[in-house]
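What follows is a single structure, written as structure tokens, with notes after it.
The values are calculated or read from the model by the stated rules, or taken from the named source; none is laboratory data. Note that this is a predicted model, so its numbers are computed, not measured. Here the Cβ positions follow ideal geometry from the backbone for every residue, glycine too, while neighbour counts run over all protein chains shown. Ligands, DNA and RNA are excluded from the accessible area calculation, which covers all protein heavy atoms including side chains. Shrake-Rupley method; radii C 1.70, N 1.55, O 1.52, S 1.80 Å.
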Amino acid sequence: FFNETYTEYVPARVVDVASWLGAPRLMIFDCPCSERVISMLGSHFGDSQRQALEDGGPLPLVALGATSMGERLPIPGVFPADVFTACLTKPLEMAIQMSMQRSARSGDQYGMRAADVLSRLPGTLGERRSPLGELNWVLTAITDAIAWALLPQPLFSRLFRQDVTLSAMLRNFVLAARVMWHLQCHVVSEPRLPACHEHPLWDQWDHTVDLCFVQLQGLAPRAPAGQVPTPFFADQLTAFKLAIDLAAKRGAGMEAALYLPVVLQALLSQSHRMRAMGLLRGFLCLG
């Protein structure tokens, strides 16, 4: 903080800043040793935070940090200097860049970076029928499904289903966990979320990005949408059906339940809606 004339720096305690914000509050720390700050805030709000988690009331604190105790911010290379913040504010670009770092079909091979990919994809982020919107839709489904699979259900409902802005930020945090781990840093949060950087659904995302690169080779910049839709949702619905069939034989449906967030996203698509509804009926019949 600065004084009124912006000539003098005025330090402020983080707990004071938190009290000024009021509750509920979301605080993001893109700094070295951010776990130390979040731990201090967790201690300050400890009693009210535990009470809220037990009673189901509004959480007084949600905090996201880029680094654990003793860690410095990474030197990101191909990523932006503020890579953690970029994951939270530009998730699709960061997710594509991360896949390009891991995939055999790297951006260097094609002479592209993530920003180049986004500039060549027709459509908008909110237009699910367009190549750009569909890719963003797949990322949303994957991060949502990873959180659903790893978090206790009451906590998932509190964080990912009660506030649209908070759920979007936390889905981006799931992505940030993967990117920061690749850069040898470990994200932290309050409430504490489990490690999600090695979930197998990330392989599905990398595969989707690979297919996007293949199609881009014959697509002129901002050409009209004529691409083949991604097979991600069709493949996930097939996997859901197999899990339902297996559960019907064994008398348990927990594995099938892991596909529910993706199936619910598929309901938003006219081309997948009837199949998804039929599969949901089969899942509910399991009891």
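Filter the range 181-193 for residues that are open to solvent by less than 50 Å² (accessible area, probe 1.4 Å) and either touching a helix residue (DSSP H, G or I) at 6+ places or on another chain (Cβ under 6 Å) or over 26 Å from MET40 (Cβ atoms) (or both) and give the result.
VAL187, VAL188, GLU190
Regarding VAL83, is this residue touching a strand residue (DSSP E or B) at 6+ places or on another chain (Cβ under 6 Å) and either touching a residue at least 12 places away in the same chain (Cβ under 8 Å) or among the β-branched types (Val, Ile, Thr) (or both)?
On the way: touching a strand residue (DSSP E or B) at 6+ places or on another chain (Cβ under 6 Å): no; either touching a residue at least 12 places away in the same chain (Cβ under 8 Å) or among the β-branched types (Val, Ile, Thr) (or both): yes.
No.
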List every residue pair whose Cβ atoms lie under 6 Å apart, where the two residues are 6 or more positions apart in sequence or sit on different chains, the first residue falls within the range 7-25 and is farther than 14 Å from PHE45 by Cα, and the second residue, located anywhere, is at pLDDT below 85 and open to solvent by less than 50 Å² (accessible area, probe 1.4 Å).
VAL10/ASN3
Within the range 1-20, residues surrounded by fewer than 10 Cβ atoms within 10 Å (Cβ to Cβ) and of a type in the set (Lys, Arg) come out as none
Any residue in the range 120-139 that is in contact (Cβ under 8 Å) with a residue 60 or more places away in the chain, farther than 24 Å from PRO80 by Cα and open to solvent by 50 Å² or more (accessible area, probe 1.4 Å)?
yes
Output the residues belonging to the range 194-205 that are open to solvent by 20 Å² or more (accessible area, probe 1.4 Å), farther than 30 Å from LEU41 by Cα and either outside any helix (DSSP H, G or I) or in contact (Cβ under 8 Å) with a residue 12 or more places away in the chain (or both).
PRO200, LEU201, GLN204
Checked the range 225-241 for anything open to solvent by 60 Å² or more (accessible area, probe 1.4 Å) and at pLDDT below 90; matches are ALA225, GLY226, VAL228, PRO229
So which of MET274, MET254 is on the phi < 0 side of the Ramachandran plot, at pLDDT below 90 and open to solvent by 20 Å² or more (accessible area, probe 1.4 Å)?
MET254
Restricted to the range 152-180 and to residues being of a type outside the set (S, T, N, Q) and in a loop (DSSP other than H, G, I, E, B), the residue surrounded by the most Cβ atoms within 10 Å (Cβ to Cβ) is ASP163
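For the range 43-59, which residues satisfy the criterion of being open to solvent by less than 60 Å² (accessible area, probe 1.4 Å) and under 20 Å from ASP163 (Cα atoms)? Step through it out loud before you land on a result.
Let us first name the residues in the range 43-59 that are open to solvent by less than 60 Å² (accessible area, probe 1.4 Å), namely 45-46, 48-49, 52, 56-57, 59.
Matches in the range 43-59: SER48, GLN49, ALA52, GLY56, GLY57, LEU59.
Yes/no per residue for (1) assigned to a helix (DSSP H, G or I); (2) more than 22 Å from the chain's Cα centre (by Cα); (3) over 17 Å from PRO191 (Cα atoms):
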| residue | (1), (2), (3) |
| --- | --- |
| PRO11 | no, yes, yes |
| ASP16 | yes, yes, yes |
| ALA23 | no, yes, no |
| GLU35 | yes, no, no |
| ILE38 | yes, no, no |
| SER43 | yes, yes, no |
| ASP47 | yes, yes, no |
| GLN51 | yes, yes, no |
| GLU54 | yes, yes, no |
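ILE96 - would you say it is at pLDDT below 95, outside any loop (DSSP other than H, G, I, E, B), surrounded by 18 or more Cβ atoms within 10 Å (Cβ to Cβ) and not hydroxyl-bearing (Ser, Thr, Tyr)? Talk me through it step by step, then tell me what you get.
Values: at pLDDT below 95: yes; outside any loop (DSSP other than H, G, I, E, B): yes; surrounded by 18 or more Cβ atoms within 10 Å (Cβ to Cβ): yes; not hydroxyl-bearing (Ser, Thr, Tyr): yes.
Judged against the criteria, ILE96 is a match.
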Note on the range 235-287: residues closer than 27 Å to ASN136 by Cβ and part of a loop (DSSP other than H, G, I, E, B) are LEU258, TYR259, LEU267, LEU268, SER269, GLN270, SER271, HIS272
Residue that is modelled with the lowest pLDDT, among those in the range 257-271 that are in contact with a helix residue (DSSP H, G or I) (Cβ under 6 Å, 6 or more places away or on another chain) and farther than 22 Å from PRO131 by Cα:
LEU258
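Taking LEU73, is it touching a Pro at 6+ places or on another chain (Cβ under 8 Å), in a loop (DSSP other than H, G, I, E, B) and touching a residue at least 40 places away in the same chain (Cβ under 8 Å)? I'd like the intermediate steps shown before the answer.
Details: touching a Pro at 6+ places or on another chain (Cβ under 8 Å): yes; in a loop (DSSP other than H, G, I, E, B): yes; touching a residue at least 40 places away in the same chain (Cβ under 8 Å): yes.
So LEU73 passes the test.
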From GLY65, GLY70, grab the single residue that is open to solvent by less than 20 Å² (accessible area, probe 1.4 Å), within 25 Å of MET98 (Cβ to Cβ) and of a type outside the set (A, V, I, L, M).
GLY65
